[in-house]
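Notes to accompany the following structure.
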Amino acid sequence: MGEQRRLIALGFEGSANKIAVGAVTLDGSILSNQRHTYITPPRQGFLPRETAQHHLQHVLPLVKLALKEAQITPDDIDCLCYTKGPGMGAPLQVNS
């Protein structure tokens, strides 16, 4: 019998001011965990629209970094996972 293929999930988290992309295996091994945080000027909160724009700007580069760190290709991914909520609506739309 041949070697069993490992199952890999690519996950997205973007419910607030941080966007993250990570790859994990079925047994819970973390292959990659890439993140970027939207930081506002001091004493200013973050708004959903600007936060979503930040996530849009950074999600694809984070995917590329996560794949590289995990040493996998898109063909190796078995499923996609994402944060459905709770969180800020506009960033969650980018996330999903």
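Quick note: the coordinates plus some simple rules give every number you see, no bench work behind them. Keep in mind the model is a prediction, meaning the values are calculated, not measured. Don't worry about glycine lacking a Cβ; one is built from the backbone with ideal geometry, like all the others, and counts go over all protein chains shown.
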* **CD proxy at 222 nm, helix term only [per DSSP H run n ≥ 4: -39500 (n - 2.57); per residue of the chain; nearest 500]** => -10000 deg cm²/dmol
* Structure fact -> So, relative contact order of the chain in percent, Cα under 8 Å, 6 or more apart, is 38 percent
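So how do Thr40, Thr51, Thr83, Thr73 line up by other beta-carbon neighbours within 10 Å, fewest first?
By the 10 Å Cβ count, ascending: Thr73, Thr40, Thr83, Thr51.
Net charge around Ala23, counting only other residues with Cβ within less than 10 Å of its Cβ (Lys, Arg = +1; Asp, Glu = -1)?
Details: positive: none; negative: Glu69, Asp76.
Neighbourhood net charge equals -2.
Fewest first, what order do Phe12, Phe46 take by the number of other Cβ atoms within 10 Å?
Phe46, Phe12
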* In debye, nearest 20: dipole of segment 8-95 around its Cα centre with unit charges on the Cβ of K, R (+) and D, E (-)? -> 480 debye
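Rounded, prolate or oblate: pick one for segment 46-96, where a ≥ b ≥ c are the square roots of the eigenvalues of its C-alpha gyration tensor, a/c under 1.5 means rounded, and failing that, prolate if a/b is larger than b/c, else oblate. The partial results should precede the final answer.
Numbers: a/c = 3.60, a/b = 1.81, b/c = 1.98.
In terms of gyration-tensor shape, oblate.
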